[in-house]
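The values are calculated or read from the model by the stated rules, or taken from the named source; none is laboratory data. Small disclaimer: the values here were computed from a predicted structure and weren't measured. Positions of Cβ are backbone-derived with ideal geometry, glycine not excepted, and every protein chain shown enters the neighbour counts. Accessible surface is based on the protein model in full, side chains and every heavy atom, while ligands, DNA and RNA are left aside. Shrake-Rupley method; radii C 1.70, N 1.55, O 1.52, S 1.80 Å.
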Amino acid sequence: MRDDQIMRRYPNSKSLFSSSSLSLGSSPFLVLLVVLPLIVIPVFIFTSCLKTSSWSKYSMPSPLTWRVGFFDNSYTFASFAQSEASVVSYNNSTLNSLYPDDQATSSLRESNDEGAVARGVVKIRHSKLEKMEANLAKIRSSIREAARVRNLTSIYEDPDYVPKGPIYRNANAFHRSYLEMEKLFKIYIYKEGDPPMFHDGPCKSIYSSEGRFIHELEKGKSFTTTDPDEALVYFLPFSVVMLVQYLYVPGSHEIDAIGNTVVDYINVIADKYPFWNRSLGADHFILSCHDWGPRTSSYVPHLFNNSIRVLCNANTSEGFNPKKDASFPEIHLRTGEITGLVGGPSPSRRSILAFFAGRLHGHIRRLLLEQWKDKDQDVQVHDQLRNGMSYDSMLKNSRFCLCPSGYEVASPRIVEAIYAECVPVLISDGYVPPFSDVLNWKAFSIQVQVKDIPKIKDILMGISQRQYLRMQRRVKQVQRHFVVNGIPKRFDVFHMTIHSIWLRRLNIRIHD
């Protein structure tokens, strides 16, 4: 159906009377035959039009996905419940019939509602938001078309990199989406709030992902705009890490001061700007690598339920919703240095089957240490390394690197393994790995259920040499999507995070 058509279906009514029930020659029958259709047919037409009208605010089209029928357990980036159906709507294959494809950037539209039929065609000026949404509708359609190409290599030309191979769920759809993002995506950063709790974050330590992303966005060189009316999403620039550092009282186990600061901040921007109330936060995003990121967001119900939350702690058991939230890779930059992190020896020089070193930190690690600590030369599990042992060297000399969750599901060991070209073994409950919309994690990682920790050696020994070599090559290929660059490069971790946000914005349609 073209976007400039509003379809109306009229039910085909069956005969109301049969010849066996009334005599054709009776006068009452002739009266009924003439009068009843005049009453019944308009009622059916009126009811049918109400049901099919695109103005119906209770219409809930099926979610958009550019992986339909291609992958199992794919995350359809589009189906979270709406709190108020009038401000945000789902997108479906017809997108929205009010915005014709051939007039997507026009300032005028033709309305063919019932009033316009009587008055003639009425032309109404588009708002800027309507024109942006019309453009997004065309992009959704183009990505959906790209998803139909099942080649392992993208068909689009690119001077820097052409996605290919089984590490992608659909290389062609991803590439088309990425190219459209580079052309159109704009982010507005609210200026309210002062450093260090706002517009700032740590660039070294286990929380470096959070700080480096905030700093890069604040430079204003990548995907940002100073005109909020041009933006497709709005960034709430508070750092949970910095809020914890300055507001949390150690040992209190109380974060009300942190949560109330976020409440106050959103009240300020909601009073000053129209954008939060217009979408109930659905086109706003936060980013946090702190364990308390999800808990902090819960102080504002619309932030928790509607907004895009980019979280390292991507735990579905704690409310993480992969259809609207994005998993963020946790990267531990111990000194802040970003060079020399990637690389390792060839597979033939890796003598250790599997390796893990880390403190007792949560029940999964407890199970792992109880089962394997210092018990096997092939599966080397340690709570601390002996003198003379190098953590980085152990990673680079291992075929598989064990990445168990700690108290929270995320672990920097996943990215450490990818950097060391060691096949990551994910051991967690409820964890959604980063960029799962795009990346096929089964192609370059092993996922072990917690109950199978005693079987780890059998599982890894059961992987043939040929299969291991394939996976290790794919780990090297996927590195580019996790690399931190001083000046972001296309397809690196900064751009992949932006793309995750872009996908979730594509999923919704905002109304004035």
| Any residue at all in the range 289-304 that is closer than 19 Å to E192 by Cα, in a strand (DSSP E or B) and either acidic (D, E) or modelled with pLDDT of 95 or more (or both)? | no
| field | Checklist (1) open to solvent by less than 20 Å² (accessible area, probe 1.4 Å); (2) of a type outside the set (D, E, K, R); (3) under 24 Å from H495 (Cα atoms) applied to G340, failing item | value | (1)
| query | Before we move on, is G336 without any contact (Cβ under 8 Å) to a residue 60 or more places away in the chain and either under 22 Å from I456 (Cα atoms) or not in a strand (DSSP E or B) (or both)? | reply | no
| message | For I308, only one of the following conditions fails: (1) among the hydrophobic types (A, V, I, L, M, F, W, C); (2) touching a helix residue (DSSP H, G or I) at 6+ places or on another chain (Cβ under 8 Å); (3) surrounded by fewer than 23 Cβ atoms within 10 Å (Cβ to Cβ). What is its number? | response | (3)
| query | Which pairs have Cβ atoms under 6 Å, sit 6 or more apart or on different chains, and link a residue in the range 150-166 that is on the phi > 0 side of the Ramachandran plot to one that is open to solvent by 90 Å² or more (accessible area, probe 1.4 Å) and part of a loop (DSSP other than H, G, I, E, B)? | reply | G165/L152
| field | Candidate set from the range 391-422 (those that are under 14 Å from S351 (Cβ atoms) and polar (S, T, N, Q)); member that is surrounded by the most Cβ atoms within 10 Å (Cβ to Cβ) | value | S398
| said: Restricting to the range 350-379, give me the number of residues that are part of a loop (DSSP other than H, G, I, E, B) and more than 36 Å from the chain's Cα centre (by Cα). | reply: 6
| query | Looking only at the range 374-390, which residues are at pLDDT 95 or above, open to solvent by 20 Å² or more (accessible area, probe 1.4 Å) and touching a strand residue (DSSP E or B) at 6+ places or on another chain (Cβ under 6 Å)? | reply | D378, Q380
| said: Could you go through the range 405-427 and let me know if any residue there is free of Cβ contacts under 8 Å to residues at least 60 places away in the same chain, among the polar types (S, T, N, Q) and under 20 Å from Q447 (Cα atoms). | reply: yes
| note | Residue set V425, V478; condition outside any helix (DSSP H, G or I), in contact with a helix residue (DSSP H, G or I) (Cβ under 8 Å, 6 or more places away or on another chain) and buried (at least 19 other Cβ atoms within 10 Å of the Cβ); output residue V425
| Going by the structure shown, is H332 farther than 30 Å from P237 by Cα and surrounded by 13 or more Cβ atoms within 10 Å (Cβ to Cβ)? | no
| message | Can you tell me which of (1) within 25 Å of F328 (Cα to Cα); (2) open to solvent by 50 Å² or more (accessible area, probe 1.4 Å); (3) not polar (S, T, N, Q) is the one K451 doesn't meet? | response | (1)
| said: When you scan the range 456-467, do you find a residue that is open to solvent by 10 Å² or more (accessible area, probe 1.4 Å) and on the phi > 0 side of the Ramachandran plot, even just one? | reply: no
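Is one or more of the residues making up the range 168-179 of a type in the set (G, A, S), farther than 30 Å from T261 by Cβ and either part of a strand (DSSP E or B) or over 21 Å from the mean Cα position of the chain (by Cα) (or both)?
No, because not a single residue in the range 168-179 is of a type in the set (G, A, S), farther than 30 Å from T261 by Cβ and either part of a strand (DSSP E or B) or over 21 Å from the mean Cα position of the chain (by Cα) (or both).
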| Restricting the range 380-391 to residues that are of a type outside the set (A, V, I, L, M, F, W, C) and within 24 Å of Y407 (Cβ to Cβ), the residue that is nearest to the chain's Cα centre (by Cα) | Y391
| query | How many of the residues making up the range 190-221 are β-branched (V, I, T) and either modelled with pLDDT under 95 or surrounded by fewer than 20 Cβ atoms within 10 Å (Cβ to Cβ) (or both)? | reply | 1
| task | Sort through S307, S279, S317 and tell me the only one that's of a type outside the set (D, E, K, R), more than 15 Å from I258 (Cα to Cα) and out of contact with any strand residue (DSSP E or B) (no Cβ under 7 Å at 6 or more places or on another chain). | result | S317
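Residue-by-condition table, conditions (1) open to solvent by less than 30 Å² (accessible area, probe 1.4 Å); (2) hydrophobic (A, V, I, L, M, F, W, C); (3) within 22 Å of T224 (Cα to Cα):
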{"residue": "Y265", "(1), (2), (3)": "yes, no, yes"}
{"residue": "K272", "(1), (2), (3)": "no, no, yes"}
{"residue": "W276", "(1), (2), (3)": "yes, yes, yes"}
{"residue": "G281", "(1), (2), (3)": "yes, no, yes"}
{"residue": "S288", "(1), (2), (3)": "yes, no, yes"}
{"residue": "D291", "(1), (2), (3)": "no, no, no"}
| Yes/no for R350 being of a type in the set (D, E, K, R) and open to solvent by 20 Å² or more (accessible area, probe 1.4 Å) | no
| Leading residue by the ranking (nearest to R212 (Cα to Cα)) among those in the range 311-329 that are open to solvent by 20 Å² or more (accessible area, probe 1.4 Å) and among the small types (G, A, S) | G319
| task | Would you be able to say whether some residue in the range 105-117 is surrounded by 17 or more Cβ atoms within 10 Å (Cβ to Cβ) and at pLDDT 95 or above? | result | no
